[in-house]
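*Asks:* Below are the C-alpha cells for one structure; questions will follow.
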Amino acid sequence: MAALGAGWRAAGARGLLRRGPAPGLGPRRHRHKEKWAATAPRVPAPRLALHHFDASYSLQLQGLWPAARAALLCEPKHGALLNSFSALDRVARELELLNASDFVSEAPRKAAEEAGRGESRAQEGSAEGKTVARAERMSQAEMSPPPRASVTSNIRCYTFPRGDITRFRPARPDALGLLDYYLMDAASLLPVLALCVQPDDFVLDLCAAPGGKTLALLQTGLCGHLAANDISISRTKRLYQILQSYVPREVRETVSVTSHDGRDWQQLEGGTFHKVLVDVPCTTDRHSVTEVDNNIFHKRRTKERQMLPMLQLQLLMAGILATKPGGEVVYSTCSLSPLQNECVIERAVEVAGAQFDISVQVEDLSHFQLLFQDTFSFFPECRVGQLVLPHLTANFGPTYFCKLRRL
Ligand SMILES: C[S@@+](CC[C@H](N)C(=O)[O-])C[C@H]1O[C@@H](n2cnc3c(N)ncnc32)[C@H](O)[C@@H]1O
C-alpha cells in the first residue's frame, strides 16, 4: 500500500517535471516554479484502489483476477435473508415461484449431487482415475466435518441461480411491522454459518454495525446471549434500526449493544464467550473500486489504510481473549488482500502463543467449498481460511473467513 502511494506521487511529479521549462532556456526571471502538489490532477480514490488491486491481486490471483476485477466493477448480487420473526413460509413460496432457492438448506443436497456426478465421471474413466477419485473422497472425509452437521440450518437465505441477475423486490413489513427479509451480500452469511452457533451459546459480535451478521446470528434462534459491539456510535444507531425493523421487542431485549473499542474487550469481559465473530474493518474492496464517498483509498486516509492489518490483528487478538477455552472465533473481511486475511490469522496464532501462552488452532473449513460451490466461486489456494471471489455469474463477495479454536 505504501509503495503504491509513493508510486503515484512519483509519477505525478515526473509528469509535471516534464511540463516545466528545460534548464538553461530563457532568462531565469521568466521561469516559474510549478507547485505540483497544488496543480497535479487528483486521482479519484476508486481509480487509485483499482490501480493498487491490479498490481497486487494480479500476482496473487493470477488468471482469476481479470474475472474477479470485472465482477467487482459490476452490480453485485444479493441474497434475501428470511426473517424468521416474520411470515416466513409465505415469503419463501413467493421467492420459490421466482426461481430463487435457499442456498443454505439446499447446500447438502447439491453437494451430494455434485459428489455423485464426480463418482460417475470416475466410473466412466480409467482404473487409475477411479483410484484417485476414491483417495480424494477419503481424504476429504478425513479432513472435513460432515457437511450436514457443520452449518446452522435455521438460517434461510434465498439467492437466484448462477447467471441469473434478477433483483429482489425491496423488503416489506408484515402485519406487525417487521420486515420480511434483509437484502445482503449472500457471501457475508458464510462467516456466520462457520461460527456454527449451538443452543444457549454466549456469542460476541465484536465489530457488529450496521448489523447484517448480528441479524443473521439472531436468526439461528440459538444464542443464549448476544453481545453486539461497534466502536462507531453512528453505525451502532443503524444497528439499532435494523434490530427495530426485524426483531420483536422481547428478542431485542436479549441483545446487549455497546460502543466500545473492541481492542479493549479483554478488560471488560475476557474469556466468557463460546463464539466470537470478528468482522473487521478492511479495504472493503468492492466499495473502494466503485464509490468515491467514504473511500479508504482517499489520499488523506493513506495512514489509516496502512495501519489496517495492525488494527485487524489487535481486534482478532481481542476476540481470541474474549473466548472461553474450547470456544471458537471466526475472523472475516470483505477484502481479497492476503495481508488483511491469511497474514493476520498467521500472526494472531503466533502472538497468542508467544505473548499470552494461548494455543489456538486453525479449523478446517474446506467443506464449505464442497457445500457452497453451486452458489459461490471460491479461491482454491488460500493458505488458511476460505475466500469467495466475485465472478460475473455469481457476483458475491469478496468475503474471507477463517475459524480459530482456542485450546
Ligand atoms: C466490516 S464492518 C462490520 C460489518 C458488520 N459486521 C455487518 O455485518 O453489518 C467493520 C466495523 O468495525 C467497526 N470498527 C472499527 N474499528 C473498531 C474497533 N476498534 N472496535 C470495534 N469496532 C470497530 C467499524 O465501525 C465498522 O462498523
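*Asks:* Grab the helices (runs of 4 or more DSSP H) fully contained in the stretch 2-120, keeping just those with 1 or more residues being at pLDDT 75 or above.
*Replies:* 45-61, 65-72, 88-97
*Asks:* So, one more: Please name all residue pairs, on different chains or six or more residues apart, with Cβ atoms under 6 Å, provided the first residue is in the stretch 77-92 and is closer than 23 Å to Arg252 by Cα and the second residue is in a loop (DSSP other than H, G, I, E, B) and of a type in the set (D, E, K, R).
*Replies:* Leu82/Arg156; Asn83/Asp180; Ser86/Asp174; Ser86/Asp180; Ala87/Asp174; Val91/Asp180
*Asks:* While we're looking at this one, here's another question. Given the options Leu387, Leu311, name the one that is within 16 Å of the ligand (Cβ to nearest atom), open to solvent by less than 30 Å² (accessible area, probe 1.4 Å) and either modelled with pLDDT of 95 or more or under 17 Å from the mean Cα position of the chain (by Cα) (or both). Spell out the reasoning first.
*Replies:* On the way: Leu311 fails: open to solvent by less than 30 Å² (accessible area, probe 1.4 Å).
Exactly one of Leu387, Leu311 is within 16 Å of the ligand (Cβ to nearest atom), open to solvent by less than 30 Å² (accessible area, probe 1.4 Å) and either modelled with pLDDT of 95 or more or under 17 Å from the mean Cα position of the chain (by Cα) (or both), namely Leu387.
*Asks:* Restricting to the stretch 213-241, give me the number of residues that are touching a residue at least 40 places away in the same chain (Cβ under 8 Å), closer than 28 Å to Leu313 by Cβ and not polar (S, T, N, Q).
*Replies:* The number of residues fulfilling the criteria is 5.
*Asks:* Now a separate question. Taking the condition among the small types (Gly, Ala, Ser) and under 20 Å from the mean Cα position of the chain (by Cα), does Ser288 pass?
*Replies:* So Ser288 passes the test.
*Asks:* What about Glu346, is it in contact with a Lys or Arg (Cβ under 9 Å, 6 or more places away or on another chain) and touching a residue at least 60 places away in the same chain (Cβ under 8 Å)?
*Replies:* When the stated conditions are applied, Glu346 does not pass them.
Residues are listed down the side, and each one gets a yes or a no for (1) in a helix (DSSP H, G or I); (2) over 26 Å from Asp185 (Cα atoms); (3) open to solvent by 30 Å² or more (accessible area, probe 1.4 Å); (4) among the basic types (Lys, Arg):
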position	(1), (2), (3), (4)
Ser245	yes, no, yes, no
Gln266	yes, yes, yes, no
Lys275	no, no, no, yes
Val278	no, no, no, no
Val289	yes, no, no, no
Arg300	yes, yes, yes, yes
Arg305	yes, no, no, yes
Glu328	no, no, no, no
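*Asks:* Does the stretch 256-264 contain any residue that is farther than 20 Å from Tyr57 by Cβ, open to solvent by less than 70 Å² (accessible area, probe 1.4 Å) and away from the ligand (no atom under 14 Å from the Cβ)?
*Replies:* Yes, because at least one residue in the stretch 256-264 is farther than 20 Å from Tyr57 by Cβ, open to solvent by less than 70 Å² (accessible area, probe 1.4 Å) and away from the ligand (no atom under 14 Å from the Cβ).
*Asks:* For the stretch 155-206, name all the residues that are open to solvent by less than 20 Å² (accessible area, probe 1.4 Å), in a loop (DSSP other than H, G, I, E, B) and within 14 Å of the ligand (Cβ to nearest atom).
*Replies:* Ile155, Leu206, listed by residue number.
*Asks:* May I ask you to list the residues in the stretch 247-300 that are on the phi > 0 side of the Ramachandran plot and either touching a residue at least 12 places away in the same chain (Cβ under 8 Å) or of a type in the set (Asp, Glu) (or both)?
*Replies:* Answer for the stretch 247-300, where residues must be on the phi > 0 side of the Ramachandran plot and either touching a residue at least 12 places away in the same chain (Cβ under 8 Å) or of a type in the set (Asp, Glu) (or both): Gly271, Thr284.
The values are calculated or read from the model by the stated rules, or taken from the named source; none is laboratory data. For clarity, every value in this text was computed on a predicted model and none was experimentally measured. We place every Cβ from the backbone using ideal geometry, glycine too, and count neighbours over all the protein chains shown. The accessibility values were calculated without ligands, DNA or RNA, using every heavy atom of the protein model including side chains. Shrake-Rupley method; radii C 1.70, N 1.55, O 1.52, S 1.80 Å.
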